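Working notes, structure below.
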Amino acid sequence: MALLQIAEPGQSAAPHQHRLAAGIDLGTTNSLVAVVRSGRAETLPDEQGRHLLPSVVRYADADAVVVGHEAKAMAAADPHNTIASVKRLIGRGIADIKTLGGRLPYEFEAAEGGMPRILTRAGAKSPVEVSAAILEVLARRAEQALGGELAGVVITVPAYFDDAQRQATKDAARLAGLHLFRLLNEPTAAAVAYGLDRRAEGLHAVYDLGGGTFDISILRLNKGVFEVLSTGGDSALGGDDFDRAVAHWILEQAGLGEGQDPRLLRRVLADACAAKEALSEAGAVPLDIDLGEGRRWQGELDRETFHGLVDPLVSRTLSACRRALRDAGLRPGEVADVIMVGGSTRVPRVRERVAEFFGIPPLVDLDPDRVVAMGAALQADVLAGNRPDSDTLLLDVNPLSLGIETLGGLVERIIPRNTTLPVARAQEFTTFKDGQTAMAIHVVQGERDLVQDCRSLARFELRGIPPMVAGAARIRVTFQVDADGLLSVSAREQTRGVEARVEVKPSYGLADSEVERMLRESLTHAEDDLAARRLREEQVEAARVLESLRTALAEDGEALLEPDERAAIDAAAERLETLAAGSDPEAIHTALKTLERTCAPYVQRRMDAGIQRAMAGRRVSEFD
Amino acid sequence: MDLTRDHFALFGLDRTYDLDVQALHDRYRELQRVVHPDRYASAPDQERRLAMQEAVRVNEAFQVLKDPLQRAVYLLGLHGIDLDRANARVDPAFLMEQMELREALEAVPAAADPHTALEAVLERIQAAIEGLQGRLSGLFARGDEAALAEAVEGVRRYQFLDKLRQEAEGVEARLEETG
Ligand SMILES: Nc1ncnc2c1ncn2[C@@H]1O[C@H](COP(=O)(O)OP(=O)(O)OP(=O)(O)O)[C@@H](O)[C@H]1O
Ligand SMILES: [Mg+2]
């Protein structure tokens, strides 16, 4: 049965098909998926009406993966095979994980590549694979609700995620077989959900304290444009730390030290979390803890004690707020609204101290658990091309400075933090020895002056520099960060043009070949072999190119093209269309490239015309 | 996009030091609406690459124009003056003033009330910067050779002060972190 598609108010009936899209909030504790239906973003429940999917993955046996509530229920009983809070591990090296604080109940494989893998009965699992398992469940949920295959998704990440963590999240999407439109920063997503509903213009702060991460973003909202002025936070600070503080206190009160067995630790952590959440309503909560072997401990936790435990953590979030404000050149009083996001902002003490800091009561109207997923869904809908008239535009920044190592272990900053994306910056370096023919380039991220205090992102080498005296070579290193916050670096020797380029794959990330291998091995993709997949990808790309070309030609093909140019484009398009109906991915790829080349001048002219129109539009409206 | 077009032309603004900040912000938004890669999320790779390139350029131009110091350096460049090569005239009176400000800044952490002491230093820096901005706008408006030579010296001073301001903000950050 064909459904009638009714254009939404204020929107022209789309000339193209409505494409299915979803927004996924991949959280430390809970994950959610949301979609836009009839112009409204809504999160999707499971069959039992539950919207939140606990971000817990259990490898029940060699090939049964359980995700969500059932997995969470088994966390205490089967700690080694049940992975919770994997977001804390994603994109991190084994050394980072050791310093994360709090004992993790997993066993790690000493990985050669530096990427830690968790030993489970189903084998060693990387954080990327675990995250992919969560993504798959949510994507299926969206596909079921929408009744079709997703054209793409927007996945949210903490604004403060570094390049390695973003890359790893992107890899997880790929492993889950999803087309990623965009990685979106969580606070920006929340602002989208709020801003569009309320049409509030001006300066806003988004305070996002979830289970495992804290983010603060300062944004200017103006006529649909969300301009992030600065962002800050701590990608290892959240409600989990509240739980740990409380658990620590419980163990202390019960006369037990650290270094307990993982099962007990998990139980106490769960009790601590329950007590913390209950304290958001009650003034004090009774505790009755099972210490194992028939021993119990009873006591009470009141708000005052709790405040004492969490205040240092809340203070850390406020320091980050102060810095973000300073980076934006603002004082706390200049912010019109503070949007509260994340489950931990339900803690009354958090609200109290945030209100005191900004001097205004924070906004809590939208469900702090769902607002991020809703914003992601709205943006996914825009990126899928379903809202051609939308004027929403998100201008994000890079959260951490990027630079390279120079002599003496010092960092030379190339892109400072809070630079609007996308950005490209170049800097010139030279050789320091006579006849030097290679140069090692070490890319780092962070705010400190010493390389050892920053995060190492990648190392690569520019070879083939013509031998010259020291200081004569001119090596231009270019950093480019795209709208997702992902970095690529290239280096070029200026006099001879020797070039080296890397997509920055973090030292503890997955190599592309590894992702390929996992795709091949993973159960869900066992049927579609790689060749079929490749063909399908090329066909989809061909269809996309042809559709967008057709729309463009109808709009301004007449105005911008000479007849012979038009004929060449038509011929190349026709050839692509014919080949796309066939089964040779290579041929489709070549035809695509040919069409792209033929269209290049046209594409450029269109972009220029768009820019001219934008400027002309401004000038006209200025006079009225 | 015409790469020979300078930042001012890209934003359709007059080549002046006193630019209309509101217009700059409005045009920035309009331009990003056209070139931002998110507008091309479903477009072919080629268009996405082009959009990326243009958006980078718009961001770069905006960055330069909105910052009064970078704007001054850029304007000098458009007048064919490379600041790194231009003659440095260092006014001893100015240097004295700098040294004094720096000493005041160094004394901040040890002051009885460091926050107030820092506030005072920041205010002095700010006042000096605003004075320079006023001077630069007059000089760029004149635009003759003598005026530009003076502007070079003004920009040099501005760079000093800007560096000092960054250091002062660093001190502020450390003060806040230690409570
Ligand atoms: N009523 C409540 N009182 C106190 N804390 C709560 C309450 N409800 C939820 N939380 C806490 O909120 C946290 C989960 O928040 P949320 O679901 O926003 O995090 P997340 O999105 O999974 O994590 P992140 O955004 O850090 O990746 C948990 O630590 C949980 O204990
Ligand atoms: Mg969250």
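The values are calculated or read from the model by the stated rules, or taken from the named source; none is laboratory data. Since we're looking at a predicted model, the values are computed, not measured. Because the Cβ atoms are built from the backbone with ideal geometry, glycine has one as well, and the counts that use them run over all protein chains shown. For the accessible areas, the whole protein counts, side chains as well, though only heavy atoms, and no ligand, DNA or RNA atoms are used. Shrake-Rupley method; radii C 1.70, N 1.55, O 1.52, S 1.80 Å.
Got a number for residues in segment A:340-364 being more than 13 Å from ligand 2 (Cβ to nearest atom) and touching a residue at least 60 places away in the same chain (Cβ under 8 Å)? Even if it seems obvious, please write down each step before you answer.
Step one: of segment A:340-364, the residues more than 13 Å from ligand 2 (Cβ to nearest atom) are A:347-364.
Filter again for touching a residue at least 60 places away in the same chain (Cβ under 8 Å), leaving A:347-348, A:350, A:354, A:358, A:362-363.
The qualifying residues number 7.
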Exception for A:Pro368 within (1) away from ligand 1 (no atom under 16 Å from the Cβ); (2) in contact with a strand residue (DSSP E or B) (Cβ under 7 Å, 6 or more places away or on another chain) falls at (1)
Those strands (runs of 3 or more DSSP E) completely within segment A:376-486 that have 1 or more residues that are open to solvent by 60 Å² or more (accessible area, probe 1.4 Å) and at pLDDT below 90 are A:410-415, A:423-429, A:439-445, A:455-462, A:475-481
Within segment A:193-245, the residues that are touching a residue at least 60 places away in the same chain (Cβ under 8 Å) and of a type in the set (S, T, N, Q) are A:Thr213, A:Ser217, A:Ser230, A:Thr231, A:Ser235
Out of all the residues in segment A:558-567, is one or more away from every other protein chain (no Cβ under 11 Å), at pLDDT below 90, exposed (fewer than 15 other Cβ atoms within 10 Å of the Cβ) and outside any helix (DSSP H, G or I)? no
Sole miss for A:Gln260 among (1) within 14 Å of chain B (Cβ to nearest Cβ); (2) surrounded by 16 or more Cβ atoms within 10 Å (Cβ to Cβ); (3) away from ligand 1 (no atom under 16 Å from the Cβ); (4) of a type in the set (S, T, N, Q) is condition (1)
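Return the total of residues in segment A:34-87 being of a type in the set (D, E, K, R) and in contact with a Pro (Cβ under 7 Å, 6 or more places away or on another chain). Reasoning before the result, please.
Of the residues in segment A:34-87, the ones of a type in the set (D, E, K, R) are A:37, A:40, A:42, A:46-47, A:50, A:58, A:61, A:63, A:70, A:72, A:78, A:87.
Of the ones still in play, those that are also in contact with a Pro (Cβ under 7 Å, 6 or more places away or on another chain) are A:72.
Residues that pass the stated criteria total 1.
Of these, A:Ser55, A:Ser38, which one is within 20 Å of A:Val371 (Cα to Cα), open to solvent by 70 Å² or more (accessible area, probe 1.4 Å) and polar (S, T, N, Q)?
Values: A:Ser55 fails: open to solvent by 70 Å² or more (accessible area, probe 1.4 Å).
Result of the check over A:Ser55, A:Ser38: A:Ser38.
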Among residues of segment B:36-50 being more than 7 Å from chain A (Cβ to nearest Cβ) and buried (at least 19 other Cβ atoms within 10 Å of the Cβ), the residue nearest to the chain's Cα centre (by Cα) is B:Arg39
Taking segment A:248-297 and keeping residues within 28 Å of A:Glu107 (Cα to Cα), in contact with a Lys or Arg (Cβ under 9 Å, 6 or more places away or on another chain) and of a type in the set (Gly, Ala, Ser) leaves A:Ala254, A:Gly259, A:Ala272, A:Gly292
Residue hits (segment A:167-215; away from every other protein chain (no Cβ under 14 Å), touching a Leu at 6+ places or on another chain (Cβ under 9 Å) and within 13 Å of ligand 1 (Cβ to nearest atom)) are A:Thr169, A:Pro187, A:Ala190, A:Val206, A:Leu209, A:Gly212, A:Thr213, A:Phe214, A:Asp215
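Can you tell me how many residues in segment A:233-260 are outside any helix (DSSP H, G or I) and either closer than 22 Å to A:Arg323 by Cβ or among the polar types (S, T, N, Q) (or both)? Steps first, please.
Within segment A:233-260, the first condition is being outside any helix (DSSP H, G or I), and the residues that meet it are A:233-238, A:254-260.
Among the residues that remain, those that are also either closer than 22 Å to A:Arg323 by Cβ or among the polar types (S, T, N, Q) (or both) are: A:233-238, A:260.
Going through segment A:233-260 one residue at a time, the tally reaches 7.
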Does B:Asp18 meet the test of being more than 9 Å from chain A (Cβ to nearest Cβ) and not hydrophobic (A, V, I, L, M, F, W, C)?
yes
Considering segment A:263-277, residues that are open to solvent by less than 40 Å² (accessible area, probe 1.4 Å) and farther than 16 Å from A:His80 by Cα, and then whichever is nearest to the chain's Cα centre (by Cα), we arrive at A:Cys273
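Does at least one position in segment A:379-389 carry a residue that is within 16 Å of ligand 2 (Cβ to nearest atom) and within 14 Å of chain B (Cβ to nearest Cβ)?
Taking segment A:379-389 first, the residues within 16 Å of ligand 2 (Cβ to nearest atom) are A:379.
With the extra rule that they be within 14 Å of chain B (Cβ to nearest Cβ), the set shrinks to A:379.
Yes, there is a match, as at least one residue in segment A:379-389 is within 16 Å of ligand 2 (Cβ to nearest atom) and within 14 Å of chain B (Cβ to nearest Cβ).
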